[in-house]
Amino acid sequence: MKVKVTERYEAVVLELKGNVMGGPEAAEFADTVKKLLSEGKNKIVLDLSDVKFMNSSGLGMLISSLTTVTNGGGKLKLACVGEKINSLLMITKLITIFESYDSVDLAIQSF
Amino acid sequence: MKVKPPDERTFELKVKSSLENLAVIRDFISDSALDSGINKEVVDRIILAVDEASSNIMRHAYKDRPEGVITVQISVKNNECVVTLIDNGIGFSLEKVREPNMLSYLKEKKRGGLGIHLMKILMDNVDYSSIDGEYNKLVLTKKIN
């Protein structure tokens, strides 16, 4: 998994690419999220358009990020969730805990 | 390494218990299932269930030791796709695995432990048997019609 960080307006967009499967990358991702919060950047969009595969560890990473950001007084939203990932969120009923938008722009506008 | 299929609709793969081989297993399942005429959406679900099963074997049965061997067999017959995973690692009790509570995941920032739950949701049947000191066998069944 690769993560590209860009700042747009008052939000930070984290673009996830490749396979989201937890492991050491999940710990690095958690550190990235914590660092953003410590810098006062608490409006975060996860752009999932280039995610090819996600397993339960990847889902755990998303849940953990959402909890960290929410507890830190911020908001985390998903954008460009593909059919496969959306299906995964549906069957695990996690779709109800994430705010999801069709595009990064719409996610940013929602803050 | 993909080996000669034991019969017309059964394919078998043996890989070492190394996380890099998860991609090999996913590709093997994808190729074999699509070749057997199963639709893409169902194949994606089977791939995810097998990935969860394989990573559980690597992490828990073999305790991240890469020398362990995992045998993956996929068979398509009678409108069913059956994937069997065999390992020689440490067994466990499927019955003792509790259903996860998603709210506690959110509150306690838990990670992991969703794999078996996912397998059960994605597949029509999950059966596990273990012969102590010999092998563990996980059979995942998906109806394809």
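Just subtract the alpha-carbon distance of residue A:6 and residue A:110 from 0.36 nm times their residue separation and send over the number in nm, one decimal.
35.7 nm
Report the one residue of A:89, A:79, A:108 whose Cα lies farthest in the direction of the positive end of the charge dipole of segment A:2-109 (charges on C-beta: Lys and Arg +1, Asp and Glu -1; origin at the Cα centre).
A:89
Roughly how many nanometres apart are two label points built 7 Å out from the Cα toward the Cβ at residue A:95 and residue A:34?
3.3 nm
If you count, for each residue, the other Cβ atoms within 10 Å and average over each peptide, how do B:123-135, B:11-23 line up from highest to lowest? Don't skip to the end; give the middle numbers.
Details: B:123-135: 13.4, B:11-23: 17.0.
Ranking the peptides B:123-135, B:11-23 by packing returns B:11-23, B:123-135.
Per-residue Cβ counts within 10 Å, from other chains only, averaged over A:87-93: what number is that?
4
What percent does the relative contact order of chain A come to when contacts are Cα pairs within less than 8 Å and at least six residues apart?
Working: 186 pairs, mean separation 28.5, N = 111.
Contact order relative to length: 26 percent.
What is the distance in Å between the Cα centroid of segment A:1-40 and that of segment B:10-43?
Each part reduced to its Cα centre gives a spacing of 30 Å.
Pick out, in residue order, every one of the GluC sites (Glu not before Pro) in segment A:28-111 that is DSSP loop and has at most 16 other C-beta atoms within 10 Å; say none if there are none.
Here the GluC sites (Glu not before Pro) that fit, given the DSSP loop and packing criteria, are A:39.
Going from the alpha-carbon gyration tensor of the protein assembly as shown, what semi-axes, largest first and in whole Å, does one get by taking the root of 5 times each eigenvalue? Walk me through the intermediate numbers first.
Numbers: eigenvalues 245, 74, 51 Å².
Sorted largest first and rounded, they come to 35, 19, 16 Å.
Hey, if you put +1 on the Cβ of every Lys and Arg and -1 on every Asp and Glu Cβ in the protein assembly as shown, which of B:74, A:68, B:50 ends up farthest toward the positive end of that dipole?
A:68
What is the average number of partner chain Cβ atoms found within 10 Å of a Cβ in A:57-66? Walk me through the numbers before you get to the answer.
Details: counts 9, 1, 6, 8, 1, 0, 7, 6, 1, 3.
Across the residues of A:57-66, the mean count of other-chain Cβ atoms within 10 Å is 4.
Return the FRET efficiency for the residue pair residue B:120, residue B:42: r is the Cβ-Cβ distance, R0 is 22 Å, and the value is rounded to the nearest 0.05. Write down the numbers at each step before the final one.
Numbers: r = 16 Å, r/R0 = 0.73.
Taking R0 as 22 Å, the efficiency between residue B:120 and residue B:42 is 0.85.
Rule-based calculations on the coordinates, nothing more; no lab input. Bear in mind the structure is a predicted one, so any value in this text is a computation, not a measurement. Cβ sites come from the backbone with ideal geometry, for glycine too, and all protein chains shown count toward neighbours.
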